[in-house]
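Novice: Here it is, the structure, as structure tokens.
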Amino acid sequence: MSAMTFQSESAAVNPLDIVERLVVANDWPFDRRSDQELSIQVPGAWCDISLYFSWNEEACAVHLSSAFDMRIPVQKREAVYELLALVNEKLWLGHFGVWAEESVPMFRHALPLRGTVGLTREQVEDLVETALLECERFYPAFQFVVWGGKTAEEAILASMVDTVGEA
């Protein structure tokens, strides 16, 4: 099999420029470290969520990772890994993992752009909305395992309860 080479048709527009427009429009604090990196802080219902976008021109893909401020103690890692398997079964897009260096749960998703005219505003909105939704949805499950002493199964059951009506 020969090595594949290609030239990005959307090289004129850096996809992170489109991400930055969304961030500015929402007045979220951000740091544009380079043409390939953008970090954002978004207020969430449970805690602030850190979003990190990277652009890999060679792969012609945008990668998003999002993390919440929760350190996983060594003695809870096995239970968190069990939780990851259960959580990831429920996702359509992206997946959760643990950032090993920081021992922090994180949501990750990549979007290949090869053959497209570039990243659209709607795609950026979908990426951000998906990451925020999934982080908000599963934050309680991670809390139940890490600090509540629950098993992965108990945490999923407790966090997936849909409320009906108003209090």
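Novice: Which condition does Leu22 not pass, out of (1) at pLDDT 90 or above; (2) aliphatic (A, V, I, L, M); (3) closer than 30 Å to Trp147 by Cα, if it passes all the others?
Specialist: Of (1) at pLDDT 90 or above; (2) aliphatic (A, V, I, L, M); (3) closer than 30 Å to Trp147 by Cα, only one is false for Leu22: (3).
Novice: Considering each residue of the stretch 133-152, count those that are closer than 12 Å to Cys47 by Cβ, in contact with a Ser or Thr (Cβ under 7 Å, 6 or more places away or on another chain) and hydrophobic (A, V, I, L, M, F, W, C), and give that number.
Specialist: 1
Novice: Shifting gears a bit: I'm trying to understand the selection: among the residues of the stretch 111-142, which are surrounded by 16 or more Cβ atoms within 10 Å (Cβ to Cβ) and among the aliphatic types (A, V, I, L, M)?
Specialist: Leu111, Leu113, Leu119, Val124, Leu127, Val128, Ala131, Leu132, Ala141
Novice: Also, quick follow-up: Quick check: is even one residue across the stretch 141-161 touching a residue at least 24 places away in the same chain (Cβ under 8 Å) and either on the phi > 0 side of the Ramachandran plot or touching a strand residue (DSSP E or B) at 6+ places or on another chain (Cβ under 8 Å) (or both)?
Specialist: Checked against the condition, which is being touching a residue at least 24 places away in the same chain (Cβ under 8 Å) and either on the phi > 0 side of the Ramachandran plot or touching a strand residue (DSSP E or B) at 6+ places or on another chain (Cβ under 8 Å) (or both), the stretch 141-161 yields at least one hit.
Novice: Given the conditions (1) in a helix (DSSP H, G or I); (2) at pLDDT 90 or above; (3) surrounded by fewer than 19 Cβ atoms within 10 Å (Cβ to Cβ); (4) not aromatic (Phe, Trp, Tyr), and given that Ala158 satisfies all but one, which numbered condition is not satisfied?
Specialist: Exception for Ala158: condition (2).
Novice: Sticking with this one: Name the single residue, out of those in the stretch 14-44 being assigned to a loop (DSSP other than H, G, I, E, B) and in contact (Cβ under 8 Å) with a residue 40 or more places away in the chain, that is farthest from the chain's Cα centre (by Cα). Working first, answer last.
Specialist: Kept after step one, since they are assigned to a loop (DSSP other than H, G, I, E, B), are these residues of the stretch 14-44: 14, 26-29, 35-36, 43-44.
Now drop any that are not in contact (Cβ under 8 Å) with a residue 40 or more places away in the chain, which leaves 14, 44.
Details: Asn14: 20, Gly44: 13 Å.
Within the stretch 14-44, the match that is farthest from the chain's Cα centre (by Cα) is Asn14.
Novice: Which residue pairs have Cβ atoms closer than 8 Å, lie 6 or more positions apart in sequence or on different chains, and pair a first residue in the stretch 73-95 that is within 12 Å of Ile156 (Cα to Cα) with a second residue that is of a type in the set (Phe, Trp, Tyr) and part of a helix (DSSP H, G or I)?
Specialist: Val80/Phe142; Leu83/Phe142; Val87/Phe138
Novice: Please indicate, with yes or no, whether at least one residue in the stretch 80-94 is more than 19 Å from Lys150 (Cα to Cα), under 17 Å from the mean Cα position of the chain (by Cα), of a type outside the set (Lys, Arg) and buried (at least 17 other Cβ atoms within 10 Å of the Cβ).
Specialist: yes
Novice: Another question, then. Please count how many residues of the stretch 54-76 are under 25 Å from Phe144 (Cα atoms), of a type outside the set (A, V, I, L, M, F, W, C) and part of a loop (DSSP other than H, G, I, E, B). Lay out the reasoning, then the answer.
Specialist: Keep residues of the stretch 54-76 that are under 25 Å from Phe144 (Cα atoms), which gives 65-76.
Imposing the further condition that a residue be of a type outside the set (A, V, I, L, M, F, W, C) reduces the set to 65-66, 69, 71, 73, 75-76.
Now restrict to residues that are part of a loop (DSSP other than H, G, I, E, B): 69, 71, 73.
Here the count works out to 3.
Novice: Which one is farthest from the chain's Cα centre (by Cα), of the residues in the stretch 45-60 that are small (Gly, Ala, Ser) and crowded, with 16+ Cβ neighbours inside 10 Å?
Specialist: Taking the candidates together, the pick is Ser54.
Novice: While we're looking at this one, here's another question. Which one is modelled with the lowest pLDDT, of the residues in the stretch 85-125 that are in a helix (DSSP H, G or I) and aliphatic (A, V, I, L, M)?
Specialist: Val124
The values are calculated or read from the model by the stated rules, or taken from the named source; none is laboratory data. The structure presented is a predicted model; accordingly, all values stated were derived computationally and were not measured. With ideal geometry, Cβ positions are generated from the backbone for all residues, glycine too; neighbour counts draw on all protein chains shown.
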